[in-house]
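Reviewing the structure listed below.
The values are calculated or read from the model by the stated rules, or taken from the named source; none is laboratory data. Note that the structure is a prediction, hence the values are computed from the model and not measured. Every residue, glycine among them, receives a Cβ derived from its backbone with ideal geometry; neighbour counts consider all protein chains shown.
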Amino acid sequence: MHLLPPLLAAVLNIFAAFVSLLILLTLIAVVVLYVVDRRQHKDAIRHNFPVVGRFRALFSYLASSSANTSSRWTVRKCRSTEQSETGWTTPQRQKATPWPSDQPKT
């Protein structure tokens, strides 16, 4: 007694084979990256922490590229209220200023 129609069973078998192949290729890629990272000596992080050291470099690159694009629009010295001679007031929104690292070097 079959619980699934033959066409659905065939599709599920193909999908299962595809997922198994994808997992096998991922494991092979991780082993290759491990061997490459252990054999190189230029980058100490990748040599001492194979495969995981690559994620550190990737996250560092992503953090630096996102910080460079969003830092121009960061408003600094924001306070919810300020005290003036007349009492507590809500400050006007300050103009966004770039970070010192975005300033041109002289």
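Quick test of your reading of the structure: Arg38 fulfils all but one of (1) modelled with pLDDT under 60; (2) among the basic types (Lys, Arg); (3) surrounded by 11 or more Cβ atoms within 10 Å (Cβ to Cβ); (4) over 22 Å from the mean Cα position of the chain (by Cα). Name the failing condition by number. (1) is the only condition that Arg38 fails.
From the list Leu33, Leu58, exactly one residue is in a helix (DSSP H, G or I), modelled with pLDDT of 85 or more and not basic (Lys, Arg). Which is it? First the steps, then the outcome.
On the way: Leu58 fails: modelled with pLDDT of 85 or more.
None of the others qualify; the one that does is Leu33.
You will find that of Leu21, Leu7, the residue that is over 20 Å from the mean Cα position of the chain (by Cα), in a helix (DSSP H, G or I) and surrounded by fewer than 10 Cβ atoms within 10 Å (Cβ to Cβ) is Leu7 and no other. Taken together, the criteria place Thr89 among residues that are at pLDDT below 60 and either surrounded by 10 or more Cβ atoms within 10 Å (Cβ to Cβ) or among the charged types (D, E, K, R) (or both).
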